[in-house]
Structure formats: C-alpha cells, structure tokens
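A short worksheet on the structure shown next.
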Amino acid sequence: MKKIAEKCAVLALLGAALFGAYAQQDAEPKKQKKVARVKVVETVEDAGAFQAKNIDIKVGSVRYLMKGHVGSYQLYAVPESGLQTPLFASYDEFTSSFYDLKIGKRIYRLTDNVGTIIGVRADVRGGQIVYVVPNKARVFVKFEKMDEVEGVESEIIKVTANVFNKGKRTETFALKSVMDTVLGEKHGLHFSSAAEPKINTERQFRRTDEMKWLTSSDGKTSLQFLLDGADVSEIEVLSISNKDFLKLPNWVPSIVGERTFDSVLSYNNSALCINWPEVTLAPGTGQSFVYYMAVSTDGAPADGEKYIAWHEEKFGNEAGESGYSVKEFEDLYNKALELYQNGDYQAAYDVIMGLWAVPEHRNDRLAQLKAMIEAELNRLTEADYDAPAELPPSAYEDQEAEEEATEPDSGKKTRDSNEDIKFDVNSITAEQLNPAYVQGLIDRINALENSDGTIDRGEILRLNAELDAILEKLRQ
C-alpha cells in the first residue's frame, strides 16, 4: 500500500508538472500576441505621426514634458548639477499655459478641450504638440533647440505655431498663447525687458521694437522670451497680467495699468499672453507664428539678444527687410485670394508674384495660393478647354468621398470579412506611406468612431489593421 501511495504521489507530481508545462506553452504564445496598441491621432506633413500619450525627453539642458491627453506642456531647465527647475506653473496638469484659436468669431480653448483631437511626439530637437478642431483647423506647435552659436551662453529654443485651415471655405483665424511663468514670482522681480529693468505690475504692448525681450528669473535660472528681430513674427498685442485675468474669455485681455499680479483666486501670480494678428486662410493653407526662448542656468544671465543679433547678421531681419508690415502683406494676400475666387486669375497672379519677389514672403500659405492660381492659368492656356481644372487641396477629400460613394457594393468587403483582415507589412506600397494617405486613414477612423449612427466595427478594424501595417513599415 505504501508503494502504491508513493507511485500515486509521483504520478500526481508528474501530472502537475506536465500540466504546468502545457499551460506555460499555451500562455506564452498568448503573451507574445499581446501588442500594445498605438493610438495615432494625426499625421503632419514633414513631421510624422502624433499619438495620444505623454512624452518626457531631455534635449540639451532642457527637459520637455508634454501630455497628449490634455495638450499641455512643461519645460524644465536642467543644469550640470542635475537639479531641474520648472519654467512654467506645474499645477492642474500644466493647463494654466495654453493656446486659444479664434475661427471667425468663435473661440476654441485648445488645451484640455473634449472637442479637440490632441497628440504629441518627440523630436531630436525637442517636443511637438498638435491640436485638431475636426473639419475646421489644425494647430501644430513645435519646440526646437537651436544649434549653439559662439558667444551665446543660453540655450535657444525656437517656438513655431502653425495654423492650418482644414475646412472647406476661406476663413479668418487668430491665435494666442498664454504662458504662466513662475521664476520671477519667487524672486520679487516678475519681469524685466530691454526698456524696463523692473516690471511688477500689469502692462500691455502693441509693439516690441523697444522692449525686444521679456525675462522671468529667480536669480539662478532665467527664461527669456525673444519678441523682436530676426524671423520673430510681429505681434498684435502682448499682455502681462495675473494668470486668472488672462484666462477670461476676452480675446484681447483687458489690462489695468499699474495693477499688481493679484486676483481673488491667486496672489503674486504673473503670466504673459501673446496675441498674433488675424489672418485669412484659404482651405488647405496655413500660417506660422514664431518666437524664441533663451534658457540660462547656474546664475548666468539670459543672453538671447546676442542670438537674435547673430541671426540677423547671418540671415537678415526677415521681418524687417521685406518692406511690408504684416497688415500690408495680409491685405495683398487677401486681394490675390479674392481675385482668384472671382476668376480673375491673371490679376491674382500679378499680385502674388509681387509678394513672391521677396524671398522672406515665401511661406507655405503663399506657395499654395500661387500654385492654385498657376494651375488655373495653365488650364486656360491649354488647347482643350474642356479639360478638368486642377482641384485646390481642399477639394481632394470631397472628390475622394464622391468616388468612394459611386463604387459598386460588390467591391466592398463585408463586416465579417473585415474582422479577419490582416495586412502584410511587405504589401504596403509607396502610395500608402504618403503622409496625405495616412492622414486620410486617420480621418476616416476618427469619423467612424465619432459617428452618431451605427458604428461599423468591421470597417474600423480593417482601417486600424492597415494603419498598423503602415506604421510597422515606417519603423523598418
């Protein structure tokens, strides 16, 4: 009986071991199959794919922390000692620093807005954020570390915000940025500028040629905003106030001269707000707004003005050498756009070429309108006047939608077959790697997921499978 019991015990142990081995064999493949899903929310031409997640990277002596789910950002100065210092307010997930976009008369708070699609990505020079107001606009913000320049001790960061019209009609757009600074609040001297060494009360400026820069410093770390010269964009208004007043719905903040940086909700809390001039954008065109920041540590003064001087000497003052103010440029651009929309292509072309003659004017927005006008002129000079005109970029989505709607049902896949579709990475073509094609996929996925009607899960699965294969191909 004892031997039988021992054999039973051995068999039980062997059985448990075999069961464990088989269970492990079954579990391991399942574990391998579990792949973290990447949520791509937008693809920007020449920039890449943006994801709804957080990024945390260090470039040079600055750490970039950006939150993809709310669209907020924080920058930290990291000196050689390694003890980092935040450059902006850190409460409420950094949302006291934000961007507002005005389309027509409607204002959109881009940060922490449920109606806005938000994504972030890391770049070798810094961090980037994209905000998309569905079917209306895209704002692409890029923080970019500049190469070191001899004689300039501060780290220079270029900030570019591009507003792009994703709608189907010409519209007016305006952008503003509120930045909740903290360094000066600790030091007792909130700001200083080239014109005023001490600023401890509210101010509002329509010009920046005298102030040139605005610095917030705690005596050890300094953050300097470079607001004049080089390729810095002309502002409409610069306001310095308590952060609560800058969050109010007034598009241009209401400032009370000599009022301190206190409010009912917060004490000694200063911030700045940049309003850029309103621009008119045709569908598929954009406009960029630029400023620089200089970051210094270990008690060294910020010397970003030296960088601006170097930039102007090497590249020229792009804002000043053009011979036009921003308003004059916009007036001429809008005149060309109106002539184009009225069918007077030759007159529109003459106005555009007058602007195009100045190299500093040659931004993406002007280039796209120029291309649209040239396409119409080329069409009219062809022998066959019945040939279809080249569509402006804004019309491509409509044309593709109409073509898709006319496809026979037999060419479409059923929901059941969609659920089983798997894309082979090696079958991805060059056309599918085109940013415009990838953006089309993302837009369709977002449209299906946000549909008010019955959601076609099969179609969403098929599109996501194709998108995953494209991303995998891009990683190779």
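The values are calculated or read from the model by the stated rules, or taken from the named source; none is laboratory data. Just so it is clear, the structure is predicted and the values come from calculations on it, not from any experiment. Note: ideal-geometry Cβ built from the backbone for every residue, glycine included; neighbour counts use all protein chains shown. Keep in mind that these areas ignore ligands, DNA and RNA; they rest on the heavy atoms of the full protein, side chains included. Shrake-Rupley method; radii C 1.70, N 1.55, O 1.52, S 1.80 Å.
Couple of notes before you dig in:
- Among the residues of the range 143-166, those identified as within 17 Å of Val59 (Cα to Cα) and part of a loop (DSSP other than H, G, I, E, B) are Met146, Asp147, Glu148, Val149, Glu153, Ser154.
- Residue that is modelled with the lowest pLDDT, among those in the range 248-303 that are in contact with a helix residue (DSSP H, G or I) (Cβ under 9 Å, 6 or more places away or on another chain) and at positive phi: Asn268
- Given (1) touching a helix residue (DSSP H, G or I) at 6+ places or on another chain (Cβ under 7 Å); (2) of a type outside the set (S, T, N, Q); (3) buried (at least 18 other Cβ atoms within 10 Å of the Cβ), index of the condition Phe143 fails: (1)
- Of all the residues in the range 99-118, those that are under 22 Å from Lys243 (Cβ atoms) and part of a loop (DSSP other than H, G, I, E, B) number 5.
- Leu248 out of contact with any Asp or Glu (no Cβ under 8 Å at 6 or more places or on another chain), part of a loop (DSSP other than H, G, I, E, B), of a type in the set (A, V, I, L, M) and open to solvent by 10 Å² or more (accessible area, probe 1.4 Å): yes
- Filtered residues of the range 167-214 (kept if open to solvent by less than 40 Å² (accessible area, probe 1.4 Å) and part of a loop (DSSP other than H, G, I, E, B)): Gly167, Asp180, Val182, His190, Thr201, Glu202, Thr208, Met211
- Check on Ser217, under 30 Å from Ser81 (Cα atoms) and open to solvent by 10 Å² or more (accessible area, probe 1.4 Å): yes
- Test: residue in the range 73-80 that is at pLDDT 85 or above, within 21 Å of Asp123 (Cα to Cα), touching a Gly at 6+ places or on another chain (Cβ under 8 Å) and open to solvent by less than 90 Å² (accessible area, probe 1.4 Å): yes
Residue-wise test of (1) free of Cβ contacts under 8 Å to residues at least 60 places away in the same chain; (2) touching a Lys or Arg at 6+ places or on another chain (Cβ under 9 Å); (3) outside any strand (DSSP E or B).
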| position | (1), (2), (3) |
| --- | --- |
| Val252 | yes, yes, yes |
| Phe261 | no, yes, yes |
| Tyr267 | yes, no, yes |
| Ser288 | no, yes, no |
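- Hey, Ser96 of a type in the set (S, T, N, Q) and farther than 27 Å from Asn242 by Cα or not: no
- Any hit, the range 370-378, residues being open to solvent by 70 Å² or more (accessible area, probe 1.4 Å) and modelled with pLDDT under 75: yes
- Condition met for Asp262 (acidic (Asp, Glu), open to solvent by 40 Å² or more (accessible area, probe 1.4 Å) and out of contact with any strand residue (DSSP E or B) (no Cβ under 9 Å at 6 or more places or on another chain)): no
- Against the list (1) under 22 Å from Trp276 (Cα atoms); (2) buried (at least 16 other Cβ atoms within 10 Å of the Cβ); (3) at pLDDT 75 or above, the condition Ala367 fails is (2).
- Any hit, the range 220-234, residues being within 19 Å of Phe98 (Cα to Cα) and surrounded by fewer than 22 Cβ atoms within 10 Å (Cβ to Cβ): yes
- Yes/no for Leu227 being within 22 Å of Val141 (Cα to Cα) and under 24 Å from the mean Cα position of the chain (by Cα): yes
- Which numbered condition Lys158 misses (of (1) over 20 Å from Ala271 (Cα atoms); (2) out of contact with any Pro (no Cβ under 9 Å at 6 or more places or on another chain); (3) basic (Lys, Arg)): (1)
- Applying a threshold of 9 Å to beta carbon distances and a minimum spacing of six or more residues, or different chains, the list of pairs starting in the range 350-376 at a residue that is in contact (Cβ under 8 Å) with a residue 12 or more places away in the chain and polar (S, T, N, Q) and ending at one that is open to solvent by 40 Å² or more (accessible area, probe 1.4 Å) and not in a helix (DSSP H, G or I) reads Asn363/Ser288.
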